[in-house]
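Worksheet: one structure, shown below.
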Amino acid sequence: MTTTRPAYSLADFVTTVRDELGLPVTDEQVAADFDELPEWDSLHLLKLVTAVELATGLTVPVGRVLEARSLRRFYELAVPA
């Protein structure tokens, strides 16, 4: 018997960003470049890797997500479709 993991949606991801990083990002800011996000710094990226791994039970490909320039791209690279 196989069990399926519940989907981790983009909305779930945005909630993780808000709750775990304390960043008040809007849904519109998800596609914005990191440089355009208020309060964003590189440490948030590392914290986000850990938070997403805990939320999904998946291993985030750190090398790939380091190339991301937006939260949406991070999500696309970190969470398989």
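The values are calculated or read from the model by the stated rules, or taken from the named source; none is laboratory data. Remember, it's a predicted structure, so these values are computed and weren't measured experimentally. Cβ sites come from the backbone with ideal geometry, for glycine too, and all protein chains shown count toward neighbours. Heads up: the accessible areas ignore ligands, DNA and RNA and are worked out on the full protein's heavy atoms, side chains in. Shrake-Rupley method; radii C 1.70, N 1.55, O 1.52, S 1.80 Å.
Observations on the structure shown:
- Boolean, residue 25 is under 9 Å from the mean Cα position of the chain (by Cα), surrounded by 10 or more Cβ atoms within 10 Å (Cβ to Cβ) and modelled with pLDDT under 95: no
- Qualifying positions in the range 35-65 - in contact with a helix residue (DSSP H, G or I) (Cβ under 7 Å, 6 or more places away or on another chain), in a loop (DSSP other than H, G, I, E, B) and open to solvent by 90 Å² or more (accessible area, probe 1.4 Å): 59
- Filter result for residue 74 (more than 18 Å from residue 7 (Cα to Cα), in contact (Cβ under 8 Å) with a residue 24 or more places away in the chain and either open to solvent by 90 Å² or more (accessible area, probe 1.4 Å) or of a type in the set (Phe, Trp, Tyr) (or both)): no
- When 36, 28, 53, 20 are checked against the criterion of being without any contact (Cβ under 8 Å) to a residue 24 or more places away in the chain and farther than 22 Å from residue 81 by Cα, a single residue qualifies: 36.
- Taking the listed residues 68, 81, 7, the one that is open to solvent by 100 Å² or more (accessible area, probe 1.4 Å) and part of a loop (DSSP other than H, G, I, E, B) is 81, with no other qualifying.
- The set of residues from the range 6-32 being touching a strand residue (DSSP E or B) at 6+ places or on another chain (Cβ under 7 Å) and closer than 17 Å to residue 42 by Cβ comprises just one member, 32.
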